[in-house]
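Take a look at the structure below.
Nothing in this text is a laboratory measurement; each read-out follows from the coordinates by a stated rule. Note that the coordinates shown come from a computational prediction; the quantities given were computed from them, not determined experimentally. Please note: Cβ atoms are built from the backbone with ideal geometry, for glycine as well, and neighbour counts cover all protein chains shown.
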Amino acid sequence: MTDAQARLLLGAPVAAEIRASVRDDIAAFVARRGYAPTLAIVLVGRDAPSAVYLRQILKACEMAGIGGRLVEIESGGTSRTDPDLEARVTAAIEALNDDPFVAGIIVQMPLPPSVRLRTIIDTIDPAKDIDGIHPLNAGLLRLGYEGFLPATAHAAIEMLHRYDVPIAGREAVVVGRSNVVGMPAAFMLVREHATVTVCHSKTVDLAAHVRRAEILVVAAGRPGLITGSMLRPGAVVVDVGINVVGDAIVGDVDMDSARSVAGAITPVPGGVGPVTNAILLTHLVRAAVAQADGAPA
Ligand code: NAP
């Protein structure tokens, strides 16, 4: 390893800044409207990792002055033993759609196999879809209109903004093409005039593509997929991956080898992760104001 080490782009100060502005916005909302908007989380079945993540969101809501509501829908077993689970989930979402105090709805993924993802996504009111999973919001992003962006992808790009990384005209590579991270991040980068390559599991010679990147966003869910030898010297690397390896949480980028080649890199943990929840709250504020004003978000 050489002496030169990539600058660490930390999520905590960015998240703190965003959360402070959300707190101000919510205080102004409450002063003007007389109530605090609520963020509702739908959790289907019991899932320990989700429970940790959900507690973090609910805590963030509480600290920002936002109402947090967890709607737990117990699963009675498999699709055969619990055939009406999907109907109960859609009914719960419809009730939240109709509740004027609920400004935003997120549904914890993954869903049990008996619940069709598409049915659930379609049920969420797009005006309350603060994690940008409804086809309307995905379409708005694709067409370059304002909609709700998926919070993780938004957080990844927000890290570039907050750390003054220029995007226009630069060579960007996104590893991963999921609807929640890779593709929306790629569309955001195109929208900001980067030249974007999207890589995925069928990409031939991933290293050759990655080596061109001045900006690299990695969201593959594969620990250590990207190593220092694959990077262009000075690249800005945003590691979205969250992988549990033994007792540790690691990203998709091998930090040890990447740090001596990259110009800047988001650590895992402590990079994009903390910013995601803060960004989600900004979406909630926007949804709440738009709904209270009767305007599209
Ligand atoms: P996903 O739906 O599993 O998508 C993974 C993507 O990576 C797919 O497009 C897949 O390609 C691609 N991929 C897998 N192996 C690859 C390989 N060897 N080479 C190149 N591409 C490969 O995952 P996701 O929901 O987008 O999440 C990605 C990562 O972000 C995960 O680690 C997840 O835990 C993390 N995450 C972080 C946050 C946060 O707040 N920071 C939030 C959500 C998710 P194919 O399309 O060909 O299968």
> What helices in the chain pass both tests, a Cα length along the helix axis of 30 Å or more and a mean Kyte hydropathy of 0.0 or higher, using whole DSSP H runs?
Replying inline: 11-33, 272-293
> Where a ≥ b ≥ c are the square roots of the eigenvalues of the C-alpha gyration tensor, would you call the stretch 174-233 rounded, which needs a/c under 1.5, or, failing that, prolate if a/b is larger than b/c, or oblate?
Replying inline: oblate
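Treating only the Cβ of Lys, Arg, Asp and Glu as charged (+1, +1, -1, -1), what charge dipole size does the stretch 202-297 show about its Cα centre? Round to the nearest 20 debye.
Rounded to the nearest 20 debye, it is 240 debye.
Mind checking the dipole of the chain: about its Cα centre, +1 per Lys or Arg Cβ, -1 per Asp or Glu Cβ, Debye to the nearest 20? Write out the running numbers ahead of the final one.
Values: 26 positive and 31 negative charges, 78 e Å.
Once rounded to the nearest 20, the dipole reads 380 debye.
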> With charges set only on the Cβ (+1 for Lys and Arg, -1 for Asp and Glu), what does the dipole of the stretch 40-190 come to about its Cα centre, in debye to the nearest 20?
Replying inline: 400
>> For T197, what residues show an amide H to amide H distance below 5 Å, using hydrogens built from the backbone and excluding near sequence neighbours?
In response: A172, V173, V174
> Separation of the stretch 74-125 and the stretch 249-271 by C-alpha centroid, Å?
Replying inline: 36
> Which of the listed residues, I249, Y163, G147, is farthest toward the dipole's positive end in the stretch 143-297, when Lys, Arg count +1 and Asp, Glu count -1 at the beta-carbon?
Replying inline: G147
>> Could you compute the net charge surrounding G224? Neighbours are other residues with a C-beta less than 12 Å from the C-beta of G224; K and R count +1, D and E count -1.
In response: -3
> Among L70, A31, A20, which residue has its Cα positioned farthest towards the positive end of the charge dipole of the stretch 1-75, with +1 placed on the Cβ of Lys and Arg, -1 on the Cβ of Asp and Glu, and the dipole taken about the Cα centre?
Replying inline: A31
>> With a 10 Å cut-off between alpha carbons and a GNM built on the chain, which of M109, M183, M159 moves the most?
In response: M109
